[in-house]
């Protein structure tokens, strides 16, 4: 049986991890808000955003997932779908709506995969590239347990 002190420490650690995760999601949303606004303005044909990778945050995410939380982060399609859900107002969040740009990329063990999606009216094309990093392997213990991280967002608008 766990002592009360251990239970409190676990609870505190869990609250901190959730707080860090939420902060990361908010920062990501704020970073991409100008992208989304520009895509809706249709002033440019192509908007591209390379996302800087904060190694410490990605390692913390990997530890969180390795501890049994947020298993969806291990699925490239679901990570890309989560990014599209934040970017495109009419995206339903269903990963099956996206097309994988490179055939068999995941099954061949690639470290990067690009997915694309276009709304039914064809006014734009959204591309999300997700990657997993070899430096996460010591934390994840195997390739299948490594998290995917969005690294590039591209929006092409059509007049």
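The values are calculated or read from the model by the stated rules, or taken from the named source; none is laboratory data. As the structure is a prediction and not an experimental result, all values here were calculated from the model. Neighbour counts run over all protein chains shown; Cβ positions are idealised from the backbone, glycine included.
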* Structure fact -> Of (1) over 10 Å from the mean Cα position of the chain (by Cα); (2) without any contact (Cβ under 8 Å) to a residue 60 or more places away in the chain; (3) closer than 15 Å to residue 149 by Cβ; (4) part of a helix (DSSP H, G or I), residue 61 satisfies every one except (2)
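Every residue, every condition in (1) out of contact with any helix residue (DSSP H, G or I) (no Cβ under 9 Å at 6 or more places or on another chain); (2) modelled with pLDDT under 85; (3) surrounded by fewer than 14 Cβ atoms within 10 Å (Cβ to Cβ); (4) not in a helix (DSSP H, G or I), yes or no:
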site: 10; (1), (2), (3), (4): yes, yes, yes, no
site: 77; (1), (2), (3), (4): no, no, no, no
site: 83; (1), (2), (3), (4): no, no, no, no
site: 90; (1), (2), (3), (4): yes, yes, yes, yes
site: 96; (1), (2), (3), (4): no, yes, yes, no
site: 108; (1), (2), (3), (4): yes, yes, yes, yes
* Number of positions in segment 136-159 that are assigned to a loop (DSSP other than H, G, I, E, B) and under 30 Å from residue 46 (Cα atoms) -> 4
